[in-house]
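The values are calculated or read from the model by the stated rules, or taken from the named source; none is laboratory data. Note that the coordinates shown come from a computational prediction; the quantities given were computed from them, not determined experimentally. Ideal geometry is used to build each Cβ from the backbone, glycine not excepted, and the neighbour counts take in all protein chains shown. Only protein heavy atoms, including side chains, enter the accessible area calculation; ligands, DNA and RNA are left aside. Shrake-Rupley method; radii C 1.70, N 1.55, O 1.52, S 1.80 Å.
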Amino acid sequence: MKRKKLLLTAFLPCLLATGLLRPACAATDLTTPRSSGDRSTGSSLWLNYHELAPSLQKDWSGVVRQVFSPGESAILLNARDELLLAIGQMTGRQVAATDSPAGKGTVMLGRLDQLVDFLPKSAVEKASALTEGGYLIESITTGGKPATAIVSRDDAGVLYGVFHFVRLMQSGESRLRLSLSSEPAITLRMLNHWDNLDGSIERGYGGRSLWKWEELPEQLSPRYEQYARYCASIGINAVAINNVNANPKILREDYLKKVEVLAGIFRKWGIQTYLCVSFASPIRPSGIVEGRPRWRGVGDLESADPLDPEVRQWWQTKVDEIYTLIPDFGGFLVKADSEGQPGPSSYGRTHVDGANMLADALASHGGTLIWRAFVYDNKGDDRAKEAYDEFKPFDSKFLDNVFIQVKNGPLDFQPREPFTPLFGAMPQTHLAMELQIAKEYLGHATTLAYLGPMWAEILASDTYAKGSGSTIAKVIDGSLYGQKKSCIAGVANTGDGPEWCGSVFNQANWYAFGRLAWNPRLGAEEIADEWIRMTFRCDAPSRAAILKMMMGSHEALVDYTMPLGLNLLCAYDGHYEPSPATREAFHKADSKGLGFNRTKRGSNYVGQYHPELQSIFNDPDKTPLKYLLWFHHVPWDKQLSTGRTLFDELTFRYNRGVKSVDEMVQTWKSLGGEIAPATHASVMKKLLEEQQFACLWRDECVRYFSGVADF
Ligand code: GCV
């Protein structure tokens, strides 16, 4: 008998006994939770202003007796109202806005120029040094009375400071003498919505689009304002509202009037609006009768050639029109020459020609052009190499108001990929990082998978671009190359469903994205802990149990879908179910082994990294197991550092992933009395679905690989 069969036979009884291997998953009972102090329904997201415990209420009531907020801008009025709302709901006492900071326990908020007369010299000095969006929260004495100052140099910074202050209240903070400051590490913290004009969302799992185009500009959904408030609460300051697979209609006058209204709402929360535009927009709607490009646009031209003066003028006129309607318009986000989208290559032009032409049109208004590097044509030996090959030669060629937006991994938002080698390879270009909050390849809205650990892992990865310690976080925040502008974007997971993101736990990913965009060095656990405290009202052991679930949830998903560096094993349609049989090009399984040889003896993708990483990734014994099959084609019977053969390690990890989901189900079940019944039930339903999903992946992949392997 062949060795593999022996191994399976030996493994099987033990797996069956422990419940780790089942042909199909048994359903777990859905218990009715006991009554609970938690009232969260998921619809307030993390801005759930639960009443504080009596002792905290008493403490905070002394600190927040009144609010002094001299500013009158829309952002500052929102900041003031948010604080009043939060204080009222959390302390159970309505407090008033006053026009003097004289009383004891005043919270004063405003820009430095508005508060300077009331602040001690030390606070003025600290506040003067803040960068844009930064804030200071300081316990001070003013007029002989204790007070708290929330101060910034700009309106948005005050708003962020208020949300931080509120978070301290929500989190059960009881140190009431405060002295802290915070500044965003990344200047442009953006959500990218893949929302279509027909209301559908590409890779959207939280409902239909938030933007009701057919109602705009006349009718306004209350969600617009709520959405902007949630974004502002985590420091997001820009949103691209439509799909990168852009419908050219977005640039028509009637649509721009709708966008104008949305932009007006977002502006009040410190958020700039961006649009995704089709590169073919200048072409007339009927398309081109003769000629190669078949694109249709909204203009009156025959061409979209970026070097054609008429095309350039068309864009300039359109940009001017947009800025007339939206004076603080952010700019464009463009997917060009990618997955069938039009681009400069149709005219024999380059990414530089295309991006700089649009950037030029935006520059006179201070606008920004974000050009995506997600390109591949599947013609070479390794798709993972294509973005680097295409973009690296253009380093230093893009105008100063251009960002090149690069996905974190070189393939496509897989559950785990090493970082795209372009990071650290284009020192003279502003690179933005694109993450996906929506879980296209991670079980959509079904799974609990908390993405904080995945993103933190990426941001902490060392590129070695300027020696050890040249982390992705430093590339992205501009500090590695002394760049003043920086950008990170997350593909949004929002929709018009009751829980906004398809489930309560998916809200944590929106939250975590914003927090990491503010500070890419924050720990995933710290962020999860904040989110739990803000979202649920439960005791410390329950919080610890939820935290453990969240922190293990991503690794569990990697284990039960694509362990050891496997990737893209999903079905083409929907990217949800497993389909290893159709993904041979990515996993390269054959009778002898498994994995993609990307070393110098294979596709030499490894050659795109700096030498320190090449020496690790070229050697299967040095490559971390989590990336093993990404970089190497490994014999099935090779003994790994764990002591198991590759085949055994693979099955071990698939089973471990399923077991982790089983444990999450049990943990959540045990929290029945602690979590609001409706929330508990809806999460339990999802977890039971995830149990089935995990088994499906494990069973299908183990079955398939067992069939291929022959040793
Ligand atoms: C918006 C992947 C997704 C597409 C997406 C594309 C992109 O291919 O499956 O839905 O298109 O990435 O990022 O442009």
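Being of a type outside the set (Asp, Glu), closer than 30 Å to residue 333 by Cα and either outside the structural domain of residue 406 (by TED's automatic domain parsing) or within 16 Å of the ligand (Cβ to nearest atom) (or both) holds for only one residue in 163, 118, and it is 163. Only a single item in (1) buried (at least 23 other Cβ atoms within 10 Å of the Cβ); (2) of a type outside the set (Lys, Arg); (3) away from the ligand (no atom under 13 Å from the Cβ) is not met by residue 387, and it is number (3).
Kindly evaluate residue 226 against the criterion of being touching a Gly at 6+ places or on another chain (Cβ under 7 Å) and open to solvent by 30 Å² or more (accessible area, probe 1.4 Å). The answer is no for residue 226. Picking from residues in segment 151-168 that are aliphatic (A, V, I, L, M) and under 22 Å from residue 266 (Cα atoms), the one that is most open to solvent (accessible area, probe 1.4 Å) is 156.
Looking across 502, 574, one residue alone is within 16 Å of residue 441 (Cα to Cα) and assigned by TED's automatic domain parsing to the domain that holds residue 692. It is 574.
For residue 369, indicate whether it is closer than 16 Å to residue 436 by Cβ and not in a helix (DSSP H, G or I). Criteria not met by residue 369. Listed by first and then second residue, the pairs linking a residue in segment 192-211 that is among the aromatic types (Phe, Trp, Tyr) to a residue that is open to solvent by 40 Å² or more (accessible area, probe 1.4 Å) and within 12 Å of the ligand (Cβ to nearest atom), with Cβ atoms under 7 Å apart and 6 or more places separating them unless they lie on different chains, are 194/202; 194/203. Close contacts from segment 334-345, counting a first residue that is assigned by TED's automatic domain parsing to the domain that holds residue 374 and a second that is away from the ligand (no atom under 11 Å from the Cβ) and among the polar types (S, T, N, Q), with Cβ to Cβ under 7 Å and a gap of 6+ residues or different chains, come to 337/345; 342/278; 344/350. The residues of segment 334-373 that are more than 16 Å from residue 276 (Cβ to Cβ), buried (at least 23 other Cβ atoms within 10 Å of the Cβ) and either within 27 Å of the chain's Cα centre (by Cα) or among the aromatic types (Phe, Trp, Tyr) (or both) amount to a single one, 351. Checked against the criterion of being under 30 Å from residue 543 (Cβ atoms) and of a type in the set (D, E, K, R), the candidates 674, 700 yield just one match: 674.
Mind telling me which of the residues 637, 710, 699, 648 ends up being in contact (Cβ under 8 Å) with a residue 24 or more places away in the chain, more than 25 Å from residue 411 (Cβ to Cβ), assigned to a helix (DSSP H, G or I) and not small (Gly, Ala, Ser)? That would be 648, the only listed residue that is in contact (Cβ under 8 Å) with a residue 24 or more places away in the chain, more than 25 Å from residue 411 (Cβ to Cβ), assigned to a helix (DSSP H, G or I) and not small (Gly, Ala, Ser).
Condition check for residue 494 on (1) over 16 Å from residue 438 (Cβ atoms); (2) within 16 Å of the ligand (Cβ to nearest atom): one failure, at (1).
Only one entry in 638, 592, 659, 622 is within 22 Å of residue 421 (Cα to Cα), outside the structural domain of residue 466 (by TED's automatic domain parsing) and basic (Lys, Arg), namely 622. Restricting attention to segment 411-455 and to residues that are more than 16 Å from the ligand (Cβ to nearest atom), among the β-branched types (Val, Ile, Thr) and within 30 Å of residue 663 (Cα to Cα), the residue that is surrounded by the most Cβ atoms within 10 Å (Cβ to Cβ) turns out to be 447. Look at segment 554-578: where a residue is free of Cβ contacts under 8 Å to residues at least 60 places away in the same chain and a partner is in a helix (DSSP H, G or I), sitting 6+ places away or on another chain with Cβ atoms under 9 Å, you get 571/582; 572/582.
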